[in-house]
Amino acid sequence: MMKPWENISYFGNQKIISQLDTLYEKNKLNSTLLFNGSYGLGKATLAFRYSNYILNQKTEKFTSFSIKNNTITNMIKKNVHPDLIYISNNDQDNSNHEIKIDQIRTLKTKLISKTLNGTNRIVIIDPLESLNKSSFNSLLKVLEEPPKKTLFILVCHQINKIPDTILSRSIKFNFNNIDIDDTKKILELNKIQVNTDKIINLYDNNRVTAGKIIHLLENSLEEIVDDFENFVSKQQPDEYKNILKRVKKYIKKEDNDKFLILIELFMIWIKKNAIQMLHNIEDNSNLLRRINLWKKYHIKYKNLIEFNLNKEEFILTLHKDIQILLKEGK
């Protein structure tokens, strides 16, 4: 998969591109922009594209901008441009972690230095919700008194996790889902061959972004689906050892993304079952049972993430409750 700074194409959200054009024309580049939307919509890709446009000091409109090979573009593609600072929660091993205060302190040091040829400087933070409390507080101090000619682009997947003090200092851009044809074009550009319709059906026809699909494939989606289908099928007591063996694959720290995908599939399955019950007016008790199950694990999941609770216990308890539903034969 191409990294956001390597992409030369962008699809969708033309309204936002026009709004960014207006900011540039009015020279409002000493601002904080917040790119908000679902994971995989190309928010970081557009952030790097806009950075390329600004650093190349283009006179054409951003709406008609196409990335050309030149010194600035080549530096951006290698993520080494001195006036483009990228802070991510992704380390060299491609593992996610929280963005710590040391990274923000390093940013402050870099902001003191002069820019190349007196041009603008851009700071991209991706994703913003990965900052811990200390990092947020440190970033806030920077945003309260930003250096001249410095544009902050904050990429956010979960705006509800962002402090109001940060939100109040940001110009918000809400990214919409792109259509399925554009999604397939993005996958084609990334040379990814996949049955897109099958994945969309797996997610119960919810909008699945190109970035989301790539993320699923990078995390062995077929294996996760196989485990999931095993978890939600009727089982005999002697199969418990097999279940334990499958669960063990999801509790390691380095497998956290796989765990999140598995739980996502569980929650969709429970919700889908509840919706199917709506067509059976005489089965209100079972409908209520499924709704309560979804609510129960929605809360448990939030607590699990917030307080770093036991993943193994979470999956086994969920599996047990699902088996009870299945044994009722309803």
Requested in this report: Per DSSP H run of n ≥ 4, the term is -39500 (n - 2.57); total these for the chain, divide by its residue number, and report the mean residue ellipticity at 222 nm rounded to 500 deg cm²/dmol.
Outcome: -16000 deg cm²/dmol
Report task. Could you tell me the distance between the Cα centroids of region 245-273 and region 52-69, to the nearest Å? Result -> 42 Å
Requested in this report: Have a look at GLU223, GLU144, GLU306 and tell me which one the Gaussian network model of the chain (Cα, springs below 10 Å) gives the largest fluctuation.
Outcome: GLU306
Query raised in the report: What residue among ILE299, ILE180, ILE224 shows peak mean-square fluctuation when the chain is described by a Gaussian network model with Cα springs under 10 Å?
Result: ILE299
Query - Charge sum, other residues only, whose C-beta stays under 11 Å from SER51's C-beta, Lys/Arg counted +1 and Asp/Glu -1 - result: +1
Query raised in the report: Can you sort ARG290, ARG169 so the residue with the fewest Cβ neighbours within 10 Å comes first?
Result: ARG169, ARG290
Query raised in the report: Within the set LYS198/LYS249; LYS161/LYS258; LYS172/LYS249; LYS43/LYS241, which residue pairs have Cα atoms separated by over 31 Å?
Result: LYS172/LYS249; LYS43/LYS241
Report task. Calculate, in whole percent, how much of the Cα-Cα pair population of the chain lies beyond 27 Å. Result -> 52 percent
Query raised in the report: Among LYS212/LYS253; LYS3/LYS248; LYS141/LYS295; LYS28/LYS108; LYS108/LYS300; LYS61/LYS110, which pairs are too far apart, with a Cα-Cα distance over 28 Å?
Result: LYS3/LYS248; LYS141/LYS295; LYS108/LYS300; LYS61/LYS110
Query raised in the report: Under Stokes-Einstein, with the Kirkwood radius over Cα pairs standing in for Rh, what whole-number D in µm²/s applies to region 137-204 at 10 °C and 1.306 mPa s?
Result: 102 µm²/s
Requested in this report: Please report, to one decimal in angstroms, the Kirkwood hydrodynamic radius of region 14-176 built from all distinct Cα-Cα pairs.
Outcome: 16.1 Å
Report task. Please pull out the direction-averaged projected area of region 219-327, using the convex hull of its alpha-carbon atoms, in nm² to one decimal place. Result -> 6.9 nm²
Requested in this report: Report the net charge of residues surrounding ASN69, where surrounding means a beta-carbon distance below 15 angstrom and charges are Lys +1, Arg +1, Asp -1, Glu -1.
Outcome: +4
Query - Gaussian network model of the chain, Cα within-10 Å springs - most flexible of ASN308, ASN132, ASN74 - result: ASN308
Query - Mean Cα-pair separation over length for the chain, i.e. relative contact order, pairs under 8 Å, 6 or more apart, % - result: 19 percent
Report summary line: Rounded to whole angstroms and listed largest first, the alpha-carbon spread of region 100-230 along its three principal axes comes to 52, 34, 24
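Read the figures in this text as sums done on the coordinates, not as results from a lab. Keep in mind that this is a model prediction, so the values were computed, not measured. For neighbour counting, all protein chains shown are included, and Cβ atoms are generated from backbone atoms with ideal geometry for every residue, glycine included.
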